[in-house]
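Pasting a structure below so you can have a look.
Any read-out appearing in this document is the output of simple, stated calculations on the displayed coordinates, not a laboratory observation. Note that the structure is predicted; figures quoted are calculated from it, not measured. Counting neighbours? That spans all protein chains shown, and the Cβs are built from the backbone with ideal geometry, glycine included.
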Amino acid sequence: MDPFCGDETHDDDHLHDECGVFGVFGHPEAPKLIYLGLYALQHRGQEGAGIVCADEGVLSAHRGVGLVSDVFKPHKLARVTGDRGIGHVRYSTFGSSNLKNVQPLVADYARGSMAVAHNGNITNAAVLREELEEQGAIFQATTDTTVILHLISRSKMRTFTECLIDALGKLVGSYSVVAMNGTEVVAARDPHGFRPLWLGKLDNGWVLASETCALDIIDAEWVREIEPGEVVTITDAGITSVKPFPPAVPKQCVFEFIYVARPDSYIFGKSVDEVRKNLGRELALAAPVDADLVMAVPDSSNPAALGYSHQSGLPFDMGFIRNHYVGRTFIEPDQGIRDFGVKIKLNPSRHAVSGKRIVLVDDSIVRGTTAKKIIKMLRACGAKEVHFRIASPKIIASCFYGIDTPNKKKLIAHNMSVEEIRDYLGVDSLAYLEIDALLRATGCDPLHFCTACFTSMYPTLVPDDYIPKTNNKRHVDHSTEVYGA
Ligand code: SF4
């Protein structure tokens, strides 16, 4: 299911997307192209958006809280000028959701101005921040990206790219980063390559994007994915690539395939749509059921449900109709409506589900609260049987690499057996995909994926592994400040 944007409909039953990054070099319409790229990446973050461009070496920026279309009205986009720049859409995995944390972060330092936008999560950010604060650094933002700027500004290396590499070399965790100063744009992926990052070409310029759907929207040619551990620098002299970090086994986020990325994108060398359909096929092979139809919890589960339908021979039907025009706030009647948040977004088609034995496919379950409401809605519309099929394994652990997960104690599968979850949700049968089937569905080397939220096997040190020197947590909470978009 796609994430709900407004508080009242905030979907607490799926892991939330993290962030998306975009960059352009050498195109006269860079600000508008970045705006469009961010539009295509909106599914990766709905809480804030920003664009920074460089014009004759001078950076201009606009950032705001909200959706891309809210943040960038024409007169605001016109303030950002230049033929090179970077952009970001944000979902807050680290740091509160206020304007100070909206990226790209921009700073002036001894060598000029710079901007950084980051998709991922730095697991040793708290330790690095504490060290920097002890050395006198002052932080305004609470996002982990701000640590990267401080490390760049303190680096004694020669060029901007070398300073960025110096900074990134101190990080543990996940990052797909786009960064710039007045003249160059740099892209980097962490050595494990947790998050995707693409290089594209448009006319005589270059484009960087989290997913190919953002290259498509501006008719950019797909050149290749930035490789894990690779740093690409684009200047007026051309493009250069280095791999400065010790090599590591790729640990790409398998959850990008399950839920995060758009199905029309290619990431990690594969079509997201194809992998999701494979997930459904694997699910049908592992957990068949005698039923009348297959339906999805739309939209992100549609390909998996189609895959289940193709493999099982059961017809696929659009049993849920989704309202695509949901805004950010809603006025609820005083008397209250049962399951209001879910009903704003989804409604079952009574004709399709009444009297039917249904296979309902969803990509994942986090807390189970939304799933329970959805199933109740199906029952209320006369569904005879509901067989719930989940196109991923049980989520039993938190993610520390850029996907927002609740504490593991709030994960339903951390606390309950499959039978207990089945009983809680009120379904006739429940089956999850096993981890082997998930990895098989990717068609890639199974060792090249992070599966930590399903297995608790983290590829790197995570925050719990670091012992803070002090308990003196003194970050200012800016969350009550009000900013116009
Ligand atoms: S823990 Fe899960 S969501 Fe996080 S990077 Fe690994 S596979 Fe992706």
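Ranked from highest to lowest mean number of other Cβ atoms within 10 Å per residue, what is the order of the peptides 355-362, 32-39?
On the way: 355-362: 22.8, 32-39: 24.2.
Top of the packing list down: 32-39, 355-362.
If the viscosity is 1.567 mPa s and the temperature 4 °C, what Stokes-Einstein diffusion coefficient in µm²/s follows for segment 223-347 when Rh is the Kirkwood radius over Cα pairs?
On the way: Rh = 18.3 Å.
Approximately 71 µm²/s, per Stokes-Einstein.
How big, in percent, is the set of alpha carbon pairs in segment 53-184 lying more than 23 Å apart?
Working: 2638 of 8646 pairs.
Tail fraction, whole percent: 31.
Based on DSSP, what percent of beta bridges with both residues in the chain are antiparallel, to the nearest 5? Working shown, then result.
Working: 68 of 85 bridges.
Antiparallel bridges: around 80 percent, rounded to the nearest 5.
So, one more: Evaluate 2.2 N^0.38 Å with N set to the residue count of segment 7-251, then give the Cα radius of gyration divided by it. All intermediate terms of the calculation are to be shown ahead of the outcome.
Details: Rg = 16.4 Å, N = 245, 2.2 N^0.38 = 17.8 Å.
Relative to the 2.2 N^0.38 Å estimate, segment 7-251 comes out at 0.92.
Let me check I've understood the local charge: for residue 27, count other residues with C-beta under 9 angstrom from its C-beta, Lys and Arg +1, Asp and Glu -1. What total comes out?
On the way: positive: 84; negative: 29, 83, 203.
Within the 9 Å Cβ shell, the charges total -2.
Compute the distribution of all C-alpha to C-alpha distances in segment 298-399, in bins of 5 Å from 0, and list the percent of pairs in each, rounded to whole numbers.
So the P(r) values, bin by bin, are 2, 11, 20, 23, 20, 12, 7, 3, 1, 0.
So what's Rg/Rh here for the chain, counting alpha carbon atoms and using the Kirkwood radius for Rh?
A ratio of 0.98.
Let me know the charge dipole size of the chain about its Cα centre in debye, to the nearest 20, where only the beta-carbon of Lys, Arg (+1) and Asp, Glu (-1) is charged. Write down the numbers at each step before the final one.
Values: 50 positive and 60 negative charges, 114 e Å.
Charge dipole of the chain: 540 debye, to the nearest 20.
Treating the angle as unsigned and between 0 and 90°, give the value, to the nearest 10°, between the Cα long axis of helix 302-312 and the longest Cα principal axis of the chain.
Here the helix axis deviates by roughly 40 degrees.
How high is the relative contact order of segment 7-251, in percent, counting Cα pairs under 8 Å that sit 6 or more residues apart?
On the way: 619 pairs, mean separation 49.7, N = 245.
Relative contact order comes out at 20 percent.
With +1 on each Lys and Arg Cβ and -1 on each Asp and Glu Cβ, how big is the dipole of segment 7-251 about its Cα centre, in debye rounded to the nearest 20?
Roughly 620 debye for segment 7-251.
Rounded to a whole number of µm²/s, how large is the Stokes-Einstein D of segment 155-221 at 20 °C and 1.002 mPa s, given Rh as the Kirkwood radius over C-alpha pairs?
Approximately 163 µm²/s, per Stokes-Einstein.
Taking 32 Å as the cut-off for C-alpha to C-alpha distance, list the pairs among 100/410; 32/408; 32/170; 343/408; 251/384; 76/251 that go past it.
Flagged as over cut-off: 32/408; 32/170; 251/384; 76/251.
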